[in-house]
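The values are calculated or read from the model by the stated rules, or taken from the named source; none is laboratory data. As the structure is a computational prediction, the values presented were derived from the model and not from experiment. Heads up, the Cβs are rebuilt from the backbone with ideal geometry, glycines too, and the neighbour counts pull from every protein chain shown. Ligands, DNA and RNA are stripped out before the accessible areas are found, and what is left, the full protein with its side chains, is counted by its heavy atoms. Shrake-Rupley method; radii C 1.70, N 1.55, O 1.52, S 1.80 Å.
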There are 2 protein chains.
Amino acid sequence: MHEKPTHVVLAVVLQVRDGRLQVLLWQRAQAPFVGAFALPGGYLLSGETLEDSIRRHLAEKVDVCELSHLEQLVTTGDPVRHPSERQVATAYLGLVPSDLDPELPDDTDWHPIDELPETAFDHGAIILAGRERLRAKLSYANIGFALAPHSFSISQLRDLYAAALGHEVSATNLQRVLLRRELLKATGERRASGPSGGRPAALFRFRSRTLEITDQFAVLRPPS
Amino acid sequence: MHEKPTHVVLAVVLQVRDGRLQVLLWQRAQAPFVGAFALPGGYLLSGETLEDSIRRHLAEKVDVCELSHLEQLVTTGDPVRHPSERQVATAYLGLVPSDLDPELPDDTDWHPIDELPETAFDHGAIILAGRERLRAKLSYANIGFALAPHSFSISQLRDLYAAALGHEVSATNLQRVLLRRELLKATGERRASGPSGGRPAALFRFRSRTLEITDQFAVLRPPS
DNA sequence: CAGGTTTTCAACTAACAGGCGATAACTTAG
DNA sequence: CTAAGTTATCGCCTGTTAGTTGAAAACCTG
């Protein structure tokens with residue numbers, strides 16, 4: 001006969017802060033994994049869908065309205081992932097625009113994703129899966145909108161991409177390619193120039209702020 | 001207090017048969033959904049991972065060695081997806097090369113994905129999600145290897161892509177693009193020409209038969 | 001061997017990526 | 001007010017890639 005595992009939902013919430021990609025973690029105070037850092041989440045309740053559940057749990061940590069994107073990431077059910085009970089976990093990937101600074105509870109904070117502290121359960125692997133998903137989608141979808149403020153200059157956007165991808169990005173090419181693909185739209189406004197001077201940057205926004213696949217293998221497109 | 005849902009694993013097994021993309025379904029003989037068609041799968045047992053579990057269940061339907069690819073697709077936990085019990089389901093996407101013809105149990109058979117019979121639970125939506133995942137990955141990954149025989153002619157491959165994508169594909173471009181990306185390799189052999197004559201086709205194979213992301217947004221590649 | 005069928009390739013056009021340098025538009029210091 | 005510094009933007013050039021077309025190659029059958 002089959003067993004009934006407990007089911008938990010988790011979220012890898014990512015934001016570019018201070019020029020680095022960071023993930024939201026809270027520090028455990030109870031066994032197992034006392035002192036280790038864990039992803040926000042919790043038990044699935046009766047009557048709620050998986051997405052409802054992760055939104056409810058996240059609401060205890062951050063304002064859910066600040067999430068610009070939320071998608072299912074991976075489900076892990078390895079019998080040894082939890083030391084005492086059989087547990088299946090469904091992880092989501094959440095993204096927060098870089099201009100927001102949510103209020104956080106005392107036990108919760110942002111951590112640069114390339115300097116993770118000790119993590120609980122299999123959360124370390126889940127975080128890395130989230131980063132890989134984000135990097136891949138930056139390449140073939142318009143998911144940049146979820147990292148960026150509503151309106152931004154090209155160099156701001158270049159810095160966001162560089163932080164998420166982990167390497168330098170050319171602003172010239174980024175602008176040309178995103179404009180040609182019609183993902184970006186000039187707002188007509190200009191940003192006030194910074195303290196160190198320089199030409200004021202034109203401001204852009206993403207034409208759509210919902211996920212769209214943009215980079216399709218031309219050979220495989222339907223004939224026009 | 002949280003409940004403990006039962007957990008089932010499912011598989012959307014796809015194959016191009018007779019020039020059409022088809023999915024493996026079995027016909028239910030018991031309530032609920034008597035007579036409706038369902039995805040293969042079953043309960044998660046203690047001590048097994050999700051992937052172990054779906055492989056075990058699939059083994060009752062097809063020879064698991066014939067699966068060229070298996071990846072996690074989606075987890076659904078909508079409280080109304082099952083009429084009597086609270087159930088969370090993790091679906092996998094499995095692919096079978098088009099030259100295999102697995103032995104099937106009596107209640108199990110292939111169904112063209114664009115002429116689905118009445119399906120049980122939320123399996124219809126899961127099947128469509130599987131098709132979308134396949135179509136997307138044909139565009140940015142080398143997943144064609146999982147649909148194709150070990151060795152094949154370009155026009156065979158074109159027909160496979162056309163069936164999976166649902167529209168015509170140019171053989172000339174397909175060959176050039178896949179060769180330039182070094183996904184394909186000529187074997188040097190040639191196929192015997194068919195009954196209606198014609199030039200014998202050169203045979204190719206995929207250089208790698210494990211999943212690789214191939215179509216990366218050039219701006220976002222690490223600088224060389 | 002003529003005519004039909006299928007595959008393959010060469011050539012051409014158009015679009016795209018990437019790099020570089022010039023110019024524009026602001027700042028602050030003197 | 002002007003010069004020097006800073007940042008953003010644009011135009012041009014080069015090499016690469018996608019897509020189309022048409023011709024040639026390599027087989028079959030009658």
* Enter the accessible area per residue of segment A:1-48 (Å², integer; probe 1.4 Å; all protein chains in place). => 40
* Provide the per residue accessible area, probe 1.4 Å, for segment A:139-219, rounded to a whole number of square angstrom. => 50
* Using amide H atoms built 1.01 Å from N in the peptide plane, name the residues 5+ places from A:Ala201, or on other chains, whose amide H lies under 5 Å from its own. => A:Arg191
* Asked: Once you treat every alpha carbon in chain A as an equal point and sum by Debye, what is log10 I(q)/I(0) at q = 0.08, 0.14, 0.18 Å⁻¹?
  -> -0.34, -0.92, -1.31
* Structure fact -> With label points set 7 Å from each Cα along the Cα-to-Cβ direction at A:Leu128 and A:Val64, the distance between them in nm comes to 3.1
* Structure fact -> Rounded to whole angstrom, the alpha-carbon centroid of segment B:131-173 lies from that of segment A:39-116 at a distance of 36
* Structure fact -> In cubic angstrom per residue, the convex hull of the protein assembly as shown built on its Cα atoms measures 177
* To do: Return the residues of segment A:1-44 for which accessible area with all protein chains present is lower than in the chain on its own by 30 Å² or more; set the probe to 1.4 Å and exclude ligands, DNA and RNA.
  => A:His2, A:Glu3, A:Lys4, A:Pro5, A:Thr6, A:His7, A:Tyr43, A:Leu44
* To do: Lys and Arg at +1, Asp and Glu at -1: add these up for the other residues within a Cβ distance under 12 Å of A:Glu85 and post the number.
  => +3
* **With every protein chain in place, the protein assembly as shown: carbon and sulfur % of accessible area (1.4 Å)** => 48
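Going from most exposed to least, what order do B:Asp99, A:Asp122 have by accessible area with a 1.4 Å probe?
My answer, sorted largest first, is B:Asp99, A:Asp122.
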* Asked: Based only on Cα atoms, what Rg/Rh ratio does segment A:17-130 have, Rh being taken as Kirkwood's radius?
  -> 0.93
* **FRET efficiency estimate (nearest 0.05) - Cβ-Cβ, B:Lys185 to A:Glu189, R0 41 angstrom** => 0.20
* Asked: For chain A, modelled as a GNM with alpha-carbon contacts under 10 angstrom, which of A:Gln30, A:Gln156, A:Gln175 fluctuates the most?
  -> A:Gln30
* Structure fact -> Scoring only Lys, Arg, Asp and Glu (+1, +1, -1, -1) among other residues with Cβ under 9 Å from the Cβ of B:Val12 yields +2
* To do: Hey, can you grab everything whose amide H is under 5 Å from the amide H of A:Val12? Only 5+ residues off in sequence or another chain; H modelled, so Pro and N-termini drop out.
  => A:Tyr92, A:Leu93, A:Gly94
* Drop in accessible area of at least 40 Å² in the complex versus isolated chain, residues of segment A:142-187, 1.4 Å probe -> A:His167
* Any idea what the A:Asp18 label distances to the other copies are, label 7 Å down the Cα→Cβ vector, nm, shortest first? -> 6.3
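Of the GluC sites (Glu not before Pro) in segment A:1-107, which ones lie in a loop per DSSP and count no more than 10 other C-beta atoms within 10 Å?
Passing both the DSSP loop test and the Cβ count: A:Glu85, A:Glu103.
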* To do: Would you work out the relative contact order for chain A, in percent, from Cα pairs under 8 angstrom that are 6 or more residues apart?
  => 21
* Structure fact -> With T = 20 °C, eta = 1.002 mPa s and Kirkwood Rh from C-alpha pairs, the Stokes-Einstein D of segment A:139-219 in µm²/s is about 160
* Provide an ascending nm list, one decimal, of label-point separations from B:Glu3 to the equivalent residue in each further copy; define each label point as 7 Å from Cα along Cα→Cβ. => 2.1
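Using a Förster distance of 56 Å, how high is the FRET efficiency between A:His150 and B:Ser155, based on the Cβ-Cβ distance and rounded to 0.05?
0.70
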* For the protein assembly as shown, give the share of DSSP beta bridges that are antiparallel, in percent and rounded to the nearest 5; count only bridges with both residues there. => 75
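Count the net charge of all other residues whose Cβ sits under 10 Å from the Cβ of B:Leu70, scoring Lys and Arg as +1 and Asp and Glu as -1.
-1
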* Among all helices in chain B defined by DSSP H, which have a length of 20 Å or more along the axis from Cα atoms plus a Kyte-Doolittle mean of at least -0.5? -> B:123-140
* To do: State, to one decimal in nm and shortest first, how far the label point of B:Asp63 sits from each corresponding label point in the other identical copies (label point: 7 angstrom along Cα-to-Cβ).
  => 6.0
* With r defined as the distance between the Cβ atoms of A:Leu116 and B:Ala38 and R0 fixed at 60 Å, what FRET efficiency is calculated, to the nearest 0.05? -> 0.90
* Anything over 22 Å Cα to Cα? Flag those among A:Lys137/B:Lys137; A:Lys61/A:Lys185; A:Lys137/B:Lys185, in the order listed. => A:Lys61/A:Lys185; A:Lys137/B:Lys185
* Residue-wise HN-Hα coupling along segment A:33-42, computed from phi with Karplus coefficients 6.51, -1.76, 1.60 (Hz; x: Gly, Pro) -> 6, 4, x, 6, 9, 9, 6, x, x, x
* Asked: Quick one: buried accessible area between A and B, total over both chains, 1.4 angstrom probe, nearest 100 Å²?
  -> 3800
